[in-house]
Structures are given as C-alpha cells and as structure tokens.
C-alpha cells in the first residue's frame with residue numbers, strides 16, 4: 001500500500017464539523033423509542049415540579065393554568081438561554097491540541113498524526129468506522145473520537161469519495177480487523193445492557 005501524506009491546518013470550522021459528526025453518531029446510536037422515553041421522562045418530571053411547587057407555598061394543589069403556562073415558558077426560555085451561553089464557551093483552546101497545523105501520514109500500518117508537541121498512531125485494526133461529509137473525512141477510533149481529515153487538503157488526484165474508498169480498503173485489509181470489530185461489538189453490547 002502506498003503512503004499518503006496530508007498537511008492540514010485545522011480550523012474552528014473543522015472542529016464544528018467534528019462536533020456535528022459526533023452529534024449525528026449519538027443520534028444514530030440511540031433508538032427512536034429511547035429518545036421518546038427520555039423526552040417523556042423529562043416532560044413528566046417538569047409536570048411534577050410545576051404542579052407540586054404551589055404546595056410548598058400555600059399548601060394547596062390548586063394551580064392557575066396561566067401560571068403553569070407562564071412557568072413552563074420561563075423554564076424552557078431559561079434552559080435555552082443557558083444552553084446558548086454554554087455553547088459560546090465550548091470549543092478548542094487556541095493553543096490547544098486541535099487547532100493549527102497537523103500532518104497526517106496514512107500507510108499500510110495505520111494512520112499517524114503529528115502536531116506541535118504531540119504525536120499519535122492508530123493501527124487500522126483500531127479504526128471502528130470511516131464516514132465523510134462534503135468537506136471532511138472522519139476516521140473513527142472510538143465512539144466519539146475521530147481523526148478529522150479536511151477534504152480541502154487531500155492530495156492531488158484524490159476526490160473525497162475516492163480517498164474514503166482508499167481508507168476503507170486499507171481499513172478492510174487490516175490483519176486483525178475482525179478482532180477490533182468483535183471488541184467494539186462487545187463494548188456496544190455492554191453499553192446497551194448497562195444503559
């Protein structure tokens with residue numbers, strides 16, 4: 001297998017793409033039934049809190065419907081504002097390990113990444129998935145951890161789809177890939193049984 005070298009400069013756009021890809025993986029890892037169960041549980045908790053709060057103040061269960069609606073609107077508005085404020089502070093540090101220059105080397109053994117003072121290597125049998133968008137390739141080494149390969153830095157002659165196929169063939173040819181797949185199936189099964 002040939003060696004491919006990619007020199008990239010990862011930006012906030014690349015980090016946002018990784019965050020979005022992680023969110024998609026999370027949504028697809030959860031069944032529709034469990035999503036609805038989680039939402040209904042949250043709604044039930046909210047209803048219990050709203051309808052039991054008046055009991056603390058006047059000892060009665062009577063609740064004006066307008067007050068309940070106003071309380072619900074204020075509660076969800078506060079949650080939304082809190083979420084939006086938290087999103088402003090979530091991101092990679094400017095001098096951290098994500099943003100900036102990064103060199104990737106892909107060959108028959110696996111994928112190497114080096115940036116600044118850090119270096120990582122993942123053998124192909126450690127890869128659990130390869131996904132892509134129009135602008136990025138993601139080589140997943142854990143449920144929510146991936147190498148981000150921006151398509152704008154792909155070597156000449158490689159389109160994103162071709163490069164994804166090249167990575168997939170390297171991954172498929174890994175000598176102990178079946179052990180890694182079995183290990184990840186066991187981890188997913190254990191997670192499903194515990195959650």
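Among the residues of segment 10-30, those identified as in contact with a helix residue (DSSP H, G or I) (Cβ under 9 Å, 6 or more places away or on another chain) and modelled with pLDDT under 75 are 29, 30. Would you mind stating whether residue 107 is over 25 Å from the mean Cα position of the chain (by Cα) and at pLDDT below 75? Spelling it out, it is not the case that residue 107 is over 25 Å from the mean Cα position of the chain (by Cα) and at pLDDT below 75. Looking across segment 116-141, the residues that are without any contact (Cβ under 8 Å) to a residue 60 or more places away in the chain and within 17 Å of residue 12 (Cα to Cα) come down to 134, 137. If the condition is being surrounded by fewer than 19 Cβ atoms within 10 Å (Cβ to Cβ), under 12 Å from residue 22 (Cα atoms) and touching a residue at least 12 places away in the same chain (Cβ under 8 Å), then segment 142-167 contributes 142, 143, 144. Looking only at segment 121-179, filter to residues that are over 19 Å from the mean Cα position of the chain (by Cα) and part of a strand (DSSP E or B); which one of those is modelled with the highest pLDDT? Result: 121. Of all residues in segment 104-120, those satisfying the criterion of being touching a strand residue (DSSP E or B) at 6+ places or on another chain (Cβ under 8 Å) and part of a strand (DSSP E or B) are 104, 105, 106, 110, 111, 112, 113, 114, 115, 119, 120. Close Cβ contacts (under 8 Å, 6 or more residues apart or on different chains) running from residues in segment 68-93 that are in a helix (DSSP H, G or I) to residues that are surrounded by 10 or more Cβ atoms within 10 Å (Cβ to Cβ) comprise 68/50; 68/51; 71/50; 71/53; 72/46; 72/50; 75/46; 75/50.
The values are calculated or read from the model by the stated rules, or taken from the named source; none is laboratory data. Remember, predicted model here, so these are calculated numbers, not experimental data. Cβ: placed from backbone, ideal geometry, glycine included. Neighbour counts: every protein chain shown.
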